[in-house]
Every structure is written in structure tokens, then in C-alpha cells.
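The values are calculated or read from the model by the stated rules, or taken from the named source; none is laboratory data. This one's a predicted model, so the numbers in the text were calculated from it and none came from an experiment. Counting neighbours? That spans all protein chains shown, and the Cβs are built from the backbone with ideal geometry, glycine included. Protein only, heavy atoms only, side chains kept; ligands, DNA and RNA dropped before computing areas. Shrake-Rupley method; radii C 1.70, N 1.55, O 1.52, S 1.80 Å.
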Amino acid sequence: PESVEAFPWALFHKMGEAGLFRIPFGADLGGRGLAHPVTACVATLEELAYHSNSVAAIYDVHCILAGRTLEAAPADLQKRYLKPLMAGEIVGAFATSEPGTSSDLTPQAMETVATDNGDDLIVNGRKRWITNSPVASFVTALCRTGDTTVMVLIDLDTEGVTVGAPDKKLGNHAQLTA
């Protein structure tokens, strides 16, 4: 397997300090508040990919997929996860694919299920090909709840959560997937 030491921590922190992770977000959330954030994100991704496809993939999953999902989260979760994500203090991951199928799942085909026990959501299942997961603090995961789907934020330090070793890949070694 790849090594978690391949993740470019120094560069990741510098990207946070430079405000790159704040580009997709409105000023009300602590983001840059740009008039055209999608255009700015695409330009940022293009520039990052010119130098490193791995770093562009890290950026994409970290702030566009996982981060933008947090825009719909309650304020307490935004404070706990979105603010440090924008600062480059923590890494976010995003999980849709499952071992037996890709990310274009219908709710009926999805094996990962979130059940409300009255106090918490209990998630049972497995996800696969999760970018950033070996170094992430949290993952936003697509789960089935009855006949519908929901995105669930899972703190990766939660009891019962396991993350596999990074996959061995031919390229994109800094962009860890497990």
C-alpha cells in the first residue's frame, strides 16, 4: 500500500494559510465570498493540476465535495468541521462508492444504511475509493435511509469506524485513497 507519509502536509497547510480552501464558500461562513466561486474553483483546480494532479484531487475532495456538503450542516457542525477545513487544519473526505458498485447508486442498491436510534444515527456498511480518508478527520458519506438517501458526517475517530490502508496506485501517490 501507499504510505500516509506521501500526503503533502506542508503544502496542504500552506494552501490553507493562503486562503485557497476558502474559495468555494460565502463570507457568511468565513469563506472568500467571491462573486463567482465556481469559476474561481475551476481556475484553482486547473492551476493546481498543471503542477500536480494529486494536489488538485486533494483540493477537489477536501473543499468542493466534503466542504460544500457541510454548507447544509447545522451551525455547530460547521463550526467544528467547516471552519478548520477552510483553514487547512483538518482534512475532509467524501464517500459515495461501495465495494460492489460505483457512485451512481439508487437508494435500493446502496448497502450502507443510516438508522436513527432516537439519539444518534447508526451507520452500517462499507465505502470504497475514498480520497483523503487515510489522513482525514471526517468523511461525508452517502447512506440509505429507507427509500431515500442522506449525506451523513462521520468523525473518523468515532468508535467502530475503520479506515483501510492507502491503496497502491500507479500514479497520484500524494492523493491517498482507501
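Binning all Cα-Cα separations of the chain at 10 Å, short to long from zero, yields these whole-percent fractions: 10, 37, 36, 16, 1. Here K14 is the anchor, and the lysines within straight C-alpha reach of less than 22 Å, apart from those fewer than 8 places off in the same chain, are K79, K83. The slack in the chain from L156 to A40, taken as 0.36 nm per residue of separation less the alpha-carbon distance, amounts to 38.8 nm. Gyration tensor over the Cα atoms of segment 78-178: the corresponding equivalent ellipsoid has semi-axes (square roots of 5 times the eigenvalues, largest first) of 22, 19, 11 Å. When you filter the chymotrypsin sites (Phe, Trp or Tyr not before Pro) in segment 89-178 for DSSP loop state and at most 16 other Cβ atoms inside 10 Å of their Cβ, you are left with W129. What a 1.4 Å probe finds exposed on the chain is 53% carbon and sulfur by accessible area, rounded to a whole percent. Its Cα gyration tensor gives segment 134-178 an equivalent ellipsoid. The semi-axes, each the square root of 5 times an eigenvalue, are 25, 14, 9 Å from largest down. Compared with the alpha-carbon gap, the fully stretched path from D119 to V4 is longer by 38.0 nm at 0.36 nm per residue.
Would you calculate, for the chain, the mean residue ellipticity at 222 nm contributed by helices, counting each DSSP H stretch of 4 or more residues as -39,500 (n - 2.57) and dividing by all residues, to the nearest 500?
-5500 deg cm²/dmol, from helical runs alone.
Rank these residues by their accessible area, most exposed first, probe 1.4 Å: D167, D120.
Values: D167 35, D120 90 Å².
Ranked from most to least accessible, the order is D120, D167.
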